[in-house]
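The values are calculated or read from the model by the stated rules, or taken from the named source; none is laboratory data. Predicted, not measured: the structure shown is a model, and the values here were computed from it. Every residue, glycine among them, receives a Cβ derived from its backbone with ideal geometry; neighbour counts consider all protein chains shown. Side chains included, ligands, DNA and RNA excluded: accessible areas come from the protein's heavy atoms. Shrake-Rupley method; radii C 1.70, N 1.55, O 1.52, S 1.80 Å.
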Amino acid sequence: MSDEKTQTTLMDWPTFGLGCEEKQNFFLPEMRRLTAHHMSACAPYADIIKKFGYDTDNIETLPDIPFLPVRLFKQQRLLSVPDAEVVKTMTSSGTSGQSPSQIFLDKTTSSLQVKVLSRIMTDFIGPKRLPLLVIDCEATVANRKRFSARTAGILGFSMFGRNVTYALDDDMSLNTERVQAFLDKHKDQDILVFGFTYIVWLHFVKALEQSGRTLDVNKGVLIHGGGWKQLADQAISTTEYKDRIANVCGMTRLHNYYGMVEQTGSIFMECEHGHLHASAWSDIVIRDPIDFSPLSVGESGLIELLSVLPHSYPGHALLSEDMGTILGHDDCACGRKGVYFEVKGRLEQAEVRGCSDTYSR
């Protein structure tokens, strides 16, 4: 299938309109095709699959798709396209001596990421570009040659905004005068607010609390993700997070999202009822952390992320180090079909990783 035809076919899928049974008619064949593609195009991937004895001729369900541990991208340079076709290199935020993941994108994969992210976001904020307040500093996006998770997140979500304004100075201090000027300019308009969860907490919520100031952002909708482990370490619940944001700025429309740089674009958004949803282009499997067998609804285990977007690297089935639970299929009160789930934190003794986990203050 040509790259152009692949994108056209994938973009025909309804964002959250496929029930789990119906979705398998679309999703599973594409995952089989990607597995075969990566085996023929990426020799190290094929070696791993063969060494572990996967029988790719007998893939009948999503749990049958061979998966890679996500940390392998820190150790191996895995590509399914020639180097000359790489247009962008994504990196995880590996600091403090950690090796970052390196993800290599060709035009097809990069384009699919943008299109799918746009479709998902439209479902939550509508098709109009909104004034965008970024709870971060402009220096984060200064290096356009290499994309960290924070850089990719800011630039990715900036597509849905206009008059992009950064709330923080380059020393990560909150510039309340700049934020107030932005709010005055867009008074009585819906505005989009984006930031990483822990940075929003530390440099916006706590900064306002410590200063005794408040801001009126009641027309804002906050999209945030990353760094929940650090909040959990501080015993900050999602309820307290939302309540304290509402107290300092009046913002009550919040959507957390879950995703990783290794599958950029394929994010899982939190609905109005607090559930993370897989879109038509992604899915999850929960696996037993001991023997990796697939678990049932309601059982907790390691989250495996599935995505039909990675064509230039073998990242279509990745086992994360995060623990989670599938809550149900097709019957969330928000009306979105497909699987919905919750994340319960990081596996004990897993290495520290993630955009905000590795953020140096």
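Using the Cβ-Cβ distance between LYS187 and HIS273 with R0 = 35 Å, the FRET efficiency computed as 1/(1 + (r/R0)^6) comes to roughly 0.70. Note on the chain: dipole from Cβ charges, positive end direction compared against HIS277, HIS316, MET90; the farthest Cα belongs to MET90. Sorted from greatest to least, the principal axis extents spanned by the alpha carbons of the chain come out as 62, 44, 42 Å. Residue ranking by accessible heavy-atom surface, 1.4 Å probe, largest first, among LYS337, LYS23 comes out as LYS337, LYS23. Surface composition of the chain: carbon plus sulfur atoms contribute 48% of the solvent-accessible area (1.4 Å probe, protein chains only, all chains present). When the surface is traced with a 1.4 Å probe over the full set of protein chains, TRP13 keeps roughly 10 Å² accessible. With 19 Å as the limit, the listed pairs LYS23/LYS51; LYS128/LYS219; LYS23/LYS128 have LYS23/LYS51; LYS23/LYS128 beyond it between alpha carbons. When the Gaussian network model of the chain links Cα atoms closer than 10 Å, the mean-square fluctuations of ASP123, ASP136, ASP171 top out at ASP171.
Bridgeable aspartates and glutamates around LYS242 (alpha carbons under 18 Å apart, same-chain partners fewer than 8 residues away excluded): GLU209, ASP216, ASP233, GLU270, GLU272, GLU342. Largest accessible area first, the residues MET39, MET159 order themselves as MET159, MET39 under a 1.4 Å probe with ligands, DNA and RNA left out.
Here the average projected area of the convex hull drawn through the C-alpha atoms of region 241-284 stands at 3.9 nm².
Each Lys and Arg contributes +1 and each Asp and Glu -1, all at the Cβ; summed about the Cα centre of region 104-244, the dipole is approximately 600 debye.
Note on the chain: dipole from Cβ charges, positive end direction compared against PHE341, THR325, HIS255; the farthest Cα belongs to HIS255. So if I take the centroid of the Cα atoms in region 59-84 and the same for region 208-274, what is the distance between those two points in Å? Spelled out, the Cα-based centre of one part sits 31 Å from the other. The solvent-accessible area of LEU62, taken with every protein chain present and a 1.4 Å probe, is close to 20 Å². Counting only protein heavy atoms and using a 1.4 Å probe, the accessible area of VAL343 comes to about 60 Å².
A straight chain from ALA246 to ALA43 at 0.36 nm per residue would run longer than the Cα-Cα distance by 67.9 nm.
Equivalent-ellipsoid semi-axes for region 18-113 (Cα gyration tensor, √(5λ), whole Å, largest first): 25, 17, 15.
Extent of region 107-215 along its three principal axes (Cα atoms, max minus min coordinate, largest first): 48, 32, 20 Å. For LYS74, a cut-off of 18 angstrom between C-alpha atoms picks up these lysines, skipping any fewer than 8 places away in its own chain: LYS88.
Largest GNM mean-square fluctuation among GLY315, GLY212, GLY225, using the chain with Cα springs under 10 Å: GLY212.
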